[in-house]
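The values are calculated or read from the model by the stated rules, or taken from the named source; none is laboratory data. Since this is a predicted model, take the numbers as computed values, not measurements. Please note: Cβ atoms are built from the backbone with ideal geometry, for glycine as well, and neighbour counts cover all protein chains shown. Side chains are part of the model used for accessible areas, which takes the heavy atoms of the whole protein and leaves out ligands, DNA and RNA. Shrake-Rupley method; radii C 1.70, N 1.55, O 1.52, S 1.80 Å.
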Amino acid sequence: MNQKIRNGAVSELENWDLGDIERIEIIRGPGSVIYGPGAIEAVINVITKSYESDNVGASVQAITPYKSYGAGITYSKSLSKDINLYSYFSFTQTMGLIPKDGFYFSGNNEYGDVKFWQDSIKRPLQDLYQDSDSIPQIKAHIQLDIGENTTLWARYNNSGTAVNGITKKAAYQTGWDSTGMIVQGPYVNFNQTKDQHFTIALDNKYEIDDVSNLHSVLSFDSENSSRSQDYIQMHPIQWAPSDSSIMFQLEDKYSLRNRYFAVAENELNLKSIYQKIFSEKFSAAFGIEYSFNYWRHSWSKPDYYIRLGDHWNVLSDENSPAYGFKDYFGTDSSDTYFVGGGWSTNTYSVFGEANWEPYENTTILLSGRIDKDDYSDWLISPRFAIIWKIREDDYLKLIAQRSLRMNTAEELLLLHLNGNSPKSEKMDNIELIFTKLIGTNLLYNFSTFISWMDILSWNDPLRSTILSGRLNLWGIEADVRYYETNFDITLNHAFYKQISWKLEPGIFESGISYSDYNKEYYGAVMVGTGNDLNNIPQHTTKFAINIKLFKQSLALHADARMYWNFPGAQDGMDMMKAIIPYSSDSTDIQGIINLIEKYDTYGPDFRVNASVNYTFWNTFSLTLYGMNLIDLTHNKRLRYDTGSKEEQYNYIMKNGLIVEPLTIGLSLKVVY
């Protein structure tokens, strides 16, 4: 379900409804050996529900203050001795809310909190999390389990939202009055993303004999994605473009000129894995995967409706309505690439794993994967692991691996069109994990790791990805869980520390870390400060508890999370403070710093959530849940800090945050 062109798994992650989701697994650490060349850091595994028994169900939910209301139906039926059906459909409408507190820096000498933007700009703010174009989210899933080893399923969902953050609404121009001045329509959320995704897959596990099987999956998916421009152009009649058709396009919110990005991605994929147990001591698996990827115009749009690229400058051809008139959201005719009706690539992968037990208490795993796209270089990801059983219920694991990340399909296309050689981000990682079970109810995990990474960035003048720096970091994580039939409690703490960050020659700035930095800013030079990662807390503590009472009819849950501090981001602010006496822009720099400190932006962020679920008569299930129940640290949602922006005041530091409100949800489910 991952989009290759740009955004990853947006269609699932932005969907409000989880009624058909059985569970969500977070598989931490590099995973490209198993999951492919996009899993360099971690994997989110979304597992959907399937047939359990014949039933019909319905559900409704409401979430405030986001004004989100939804309903879902499910139908499960055994159609015959060997065929079982599971189906689900849901509808969710979210109106969103206008942020009540937070701050934002724009690129035109403006910065301030929510009150500043509302009072000075005289325009309403966008509705946070409102559905794109107010079109409700729809999800449909149908699955047939055929015998014990075959599954056929199909899935559709759509998502999309007003872009997060403090952003002003705008009104599209609808024409001119009798004096030639601008006439505007109503204010709308114009800065939006939109995504639609359809998948169909056939999954079969063929038991060859008692010791071997062949697991194959054939799938097709299509994803339609777009993002609108960040602002709206309006012109009095004397300043309007000479070509009247351009003005008509600017007045149309769905025109290609009002899009940064619009494309449909399609993939036909075949994956097959052969597994065999050779003996009690040795087993192995070998797999192949092939993908035919092709990109076309957006769904239900004309053939020319394609736009993407680092400057939104990849179009169908010279007849594209977004070609030319650069000052009016068009492309520079000297800097435009054409893909006609689209383009396609092939991706080939081979992978395997051997499991060997040379001694009674020792297991060795050796695995690897090779990936190659028509436009990529060869990606080779090996992994070695050894597992020692120290004593009964005590295990020690040592894992060494390399993970490579393939460039996005958009980057690969631009590299190909410019005749540049592709490069891939690389992570080498060594991890040591100790697991201990005390008695039958207390589980303890401790892990530590060290990683070396080659970080790539996009170089605009070269139109190529380049190696921008080398990162070395380490971390530790401890996890304790106590569990019984009706009770479990978990406590987790993680710590990360940068060992070093070194920019490559000719690179002077990055959002990875401010420890290596050298850039002039209004007459002063910002130089490297500190030695920590940006955009990530150094300490994270998590706690969760689940209790079931009254024969499991009442389920109570609570969880808490603390980000202790962001020292890498604080380094950036310290760097800015150091240049105040020398910069011609010192007044505004200090104003920005005052805003950041007002909200304790880089300080702790503590969240508490809880839920209560009661099931009665084995038919009705009522759930009440709350998020951000305690406001001790503003419940901050920070914008990502790139460390380098062309716009003024966005060079470094978080360019905004939202104080998230207390959120209450209520859902009722009925199953017959």
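Quick look at the values:
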| quantity | calculated |
| --- | --- |
| Qualifying residue in segment 390-402 (condition: without any contact (Cβ under 8 Å) to a residue 40 or more places away in the chain, of a type outside the set (Lys, Arg) and more than 21 Å from Glu353 (Cα to Cα)) | yes |
| Tally of residues being open to solvent by 30 Å² or more (accessible area, probe 1.4 Å) and either at pLDDT below 90 or not in a strand (DSSP E or B) (or both) across segment 620-641 | 9 |
| Number of positions in segment 526-562 that are buried (at least 21 other Cβ atoms within 10 Å of the Cβ), under 30 Å from the mean Cα position of the chain (by Cα) and assigned to a strand (DSSP E or B) | 1 |
| Flag for Tyr206 being open to solvent by 50 Å² or more (accessible area, probe 1.4 Å) and within 29 Å of Phe91 (Cβ to Cβ) | no |
| Segment 301-329: number of residues that are in contact (Cβ under 8 Å) with a residue 24 or more places away in the chain and under 21 Å from Asn418 (Cβ atoms) | 13 |
| Yes/no for Phe190 being under 29 Å from the mean Cα position of the chain (by Cα) and either exposed (fewer than 15 other Cβ atoms within 10 Å of the Cβ) or within 30 Å of Lys636 (Cβ to Cβ) (or both) | yes |
| Counted residues, segment 577-612 - those being open to solvent by less than 40 Å² (accessible area, probe 1.4 Å) and either closer than 25 Å to Gly528 by Cβ or part of a loop (DSSP other than H, G, I, E, B) (or both) | 15 |
| Those residues of segment 135-167 which are open to solvent by 50 Å² or more (accessible area, probe 1.4 Å) and at pLDDT below 90, in sequence order | Asn164 |
| Residues that are within 16 Å of Val314 (Cα to Cα) and either open to solvent by 10 Å² or more (accessible area, probe 1.4 Å) or in contact (Cβ under 8 Å) with a residue 60 or more places away in the chain (or both), drawn from segment 257-271 | Arg257, Asn258, Arg259, Tyr260, Phe261, Val263, Glu265 |
| Residue check, Tyr254 in contact with a Pro (Cβ under 8 Å, 6 or more places away or on another chain) and open to solvent by 10 Å² or more (accessible area, probe 1.4 Å) | no |
| Among (1) crowded, with 17+ Cβ neighbours inside 10 Å; (2) modelled with pLDDT of 95 or more - the single one Arg369 does not satisfy | (2) |
| Unmet criterion (only one of (1) open to solvent by less than 10 Å² (accessible area, probe 1.4 Å); (2) assigned to a loop (DSSP other than H, G, I, E, B); (3) of a type in the set (S, T, N, Q)) for Ser80 | (1) |
| Whichever residue in segment 29-54 is surrounded by 14 or more Cβ atoms within 10 Å (Cβ to Cβ) and part of a strand (DSSP E or B) and, among such residues, is modelled with the highest pLDDT | Thr48 |
| Single residue of segment 320-366 satisfying the filter (assigned to a loop (DSSP other than H, G, I, E, B) and among the acidic types (Asp, Glu)) that is surrounded by the fewest Cβ atoms within 10 Å (Cβ to Cβ) | Glu360 |
| When residues of segment 475-516 are limited to those that are assigned to a loop (DSSP other than H, G, I, E, B) and touching an Asp or Glu at 6+ places or on another chain (Cβ under 6 Å), the one surrounded by the fewest Cβ atoms within 10 Å (Cβ to Cβ) | Gly511 |
